[in-house]
There are 2 protein chains.
Amino acid sequence: MDIMRRASDPPSDPGWGASTGEPDSDGQVAGREGRSNRIPQMTIRRLSTYYRVARSLEACGELEPLSSDRMSRLTGFTAAQVRRDLAYFGSFGKRGVGYPVGELQASLRTILGIDRGWRLALVGVGNLGTALLSYRNFAHQGFEIAGAFDADPKKHGRAFGPLRVRPMTELPGAVREEQISIAIVAVPGDEAQAVVDVVVGSGIRGILNFAPVKVRVPAGVHLSRVDLSIEIEYLAYLLTNG
Amino acid sequence: MDIMRRASDPPSDPGWGASTGEPDSDGQVAGREGRSNRIPQMTIRRLSTYYRVARSLEACGELEPLSSDRMSRLTGFTAAQVRRDLAYFGSFGKRGVGYPVGELQASLRTILGIDRGWRLALVGVGNLGTALLSYRNFAHQGFEIAGAFDADPKKHGRAFGPLRVRPMTELPGAVREEQISIAIVAVPGDEAQAVVDVVVGSGIRGILNFAPVKVRVPAGVHLSRVDLSIEIEYLAYLLTNG
DNA sequence: AAGTGTGAAAATATTCACAGCG
DNA sequence: CGCTGTGAATATTTTCACACTT
């Protein structure tokens, strides 16, 4: 089995998230010659789905090898896509047979980096933040919200399960002492940049932003975005012009 | 835990969502001036961002024409991308000047189909659903949650502002009588397909799915998905292999 | 026989670069 | 001038199709 290859940051971001670079300043002169085997961004995102399917099959006790064709039916991606995506990371399939569910699941865990636990900070305990606090699917997959923070003093001390909402000033200390490496930012748009600056300042290098605005982060900090407006407006577009 | 369902599907859709299924049934609407090229999906999603920027500038009273270069800095997309995206729908820019903010905003509203109101049904009043009920950004942009539904009888009658949670059986009637045309599905994964079937059966043709599973919809029904696991796992990947 | 892994082709999407207009 | 709109050039992603392995 091969070794994992790496992808570095895209020159311009694909729309849904993950932008570290800027069209203007960032020269992106880095990999002049190492460009040969880049892993498509969509491949990574599909990997999550493959992983979920493999995990689910394994949990159901369905352990017969999984063909790309079956995976295609289960995920909605094409079989060719499945094979190509997985082949980027080596060959864990057996010809004439398929992909062993257990190994596939384990490999995908490693590739995605979720074979370890990740501790998250939630910043912004409003409606959405509260919902995320009780979103069990995170813990499920090894992501644990280890701290909740909010700028609003009225919210400080409020309890959510084992967590108490803390002031933003305690974020840097918590990040250091509690090995937090990802932040979920769920604050109003007009506070997002300031909050992200604090988050970045505290040493966090991975941010999931729910605020419907573009925020800037220094190179080396990864940013992913969930933008409900885009999703719903895309639906409106499809319903109108479809 | 639910099944891995059989499902035969004409595969291949973009990663995030939005599939009508058929590449044939496309129904492309030519822009203002009969420019009938195919419009990239990413373009549509970027349009939402352009719209937000234009709207925001207009709200701030910044009415000087907006150059593609400035839009680039405001959105993080490249200037060429901005011009190309907008040009798909006609030419509302003035050479040597830029795009008039007001007109741009208005045009984008029309193109996106948000120059009218949209009434939504929220299905699944759990943590996430509750958060969405109080997510003010929706109403802001002309999307109004007009009904909340849940299969759990214990939740029926519960009030959220002007809304009361109703049983699923009342969905079809509500869709008909209250002009609801989009559904937000925020139920656990193992209930998603059943719920979507009811939603589709009630005549809704646009669905925003928050459940982390693949659901099937008949051709002609548009499906968009928000999958938090994918986002967070993508971050984990970037942090691990970046 | 069945199904992976992969060159090569096709399809998409982005960027360049500049003609042309206000 | 400055900036749009757009062909042409590039880059990226998907699909095809088949050699090859179990």
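The values are calculated or read from the model by the stated rules, or taken from the named source; none is laboratory data. Given the structure is predicted, the values throughout are model-derived calculations rather than measurements. Glycine also receives a Cβ, built like all others from the backbone with ideal geometry; neighbour counts cover every protein chain displayed. All accessible areas refer to the heavy atoms of the entire protein, side chains included, with ligands and DNA or RNA removed. Shrake-Rupley method; radii C 1.70, N 1.55, O 1.52, S 1.80 Å.
Take the residues in the stretch B:135-156 that are open to solvent by less than 40 Å² (accessible area, probe 1.4 Å) and part of a loop (DSSP other than H, G, I, E, B); name whichever of them is farthest from the other protein chains (Cβ to nearest Cβ).
Here the residue is B:GLY142.
Pick out the one residue from A:ARG216, A:ARG166, A:ARG176 that is more than 23 Å from B:VAL226 (Cα to Cα), open to solvent by 20 Å² or more (accessible area, probe 1.4 Å) and outside any helix (DSSP H, G or I).
From the options A:ARG216, A:ARG166, A:ARG176, the qualifying one is A:ARG166.
Given (1) touching a Lys or Arg at 6+ places or on another chain (Cβ under 6 Å); (2) farther than 20 Å from B:ASN241 by Cα, identify the lone condition not met by A:GLN105.
Failing condition for A:GLN105: (2).
Just to be sure, is A:ASP190 open to solvent by 30 Å² or more (accessible area, probe 1.4 Å) and on the phi < 0 side of the Ramachandran plot?
Against the criterion (open to solvent by 30 Å² or more (accessible area, probe 1.4 Å) and on the phi < 0 side of the Ramachandran plot), A:ASP190 qualifies.
Going by the conditions given, is A:ALA79 within 16 Å of DNA strand D (Cβ to nearest atom), free of Cβ contacts under 8 Å to residues at least 24 places away in the same chain and open to solvent by less than 60 Å² (accessible area, probe 1.4 Å)?
yes
Just need a number here: residues in the stretch B:41-71 that are free of Cβ contacts under 8 Å to residues at least 24 places away in the same chain and farther than 21 Å from A:SER224 by Cβ.
Here the count works out to 5.
Which of the following residues is over 20 Å from B:ARG38 (Cα atoms) and either facing chain A (nearest Cβ under 9 Å) or of a type in the set (Lys, Arg) (or both): B:SER67, B:SER72?
B:SER72
Return the only residue of B:ARG55, B:ARG70 being more than 16 Å from DNA strand C (Cβ to nearest atom) and surrounded by fewer than 21 Cβ atoms within 10 Å (Cβ to Cβ).
B:ARG55
Mind counting the residues in the stretch A:205-242 that are more than 28 Å from B:LEU122 (Cβ to Cβ), under 15 Å from the mean Cα position of the chain (by Cα) and of a type in the set (A, V, I, L, M, F, W, C)?
Selection size over the stretch A:205-242: 2.
A quick yes/no check of all residues on (1) more than 21 Å from A:ASP227 (Cβ to Cβ); (2) within 16 Å of DNA strand C (Cβ to nearest atom); (3) out of contact with any His (no Cβ under 9 Å at 6 or more places or on another chain):
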{"site": "B:LEU86", "(1), (2), (3)": "no, yes, yes"}
{"site": "B:LEU133", "(1), (2), (3)": "no, no, yes"}
{"site": "B:HIS140", "(1), (2), (3)": "no, no, yes"}
{"site": "B:LYS154", "(1), (2), (3)": "yes, no, yes"}
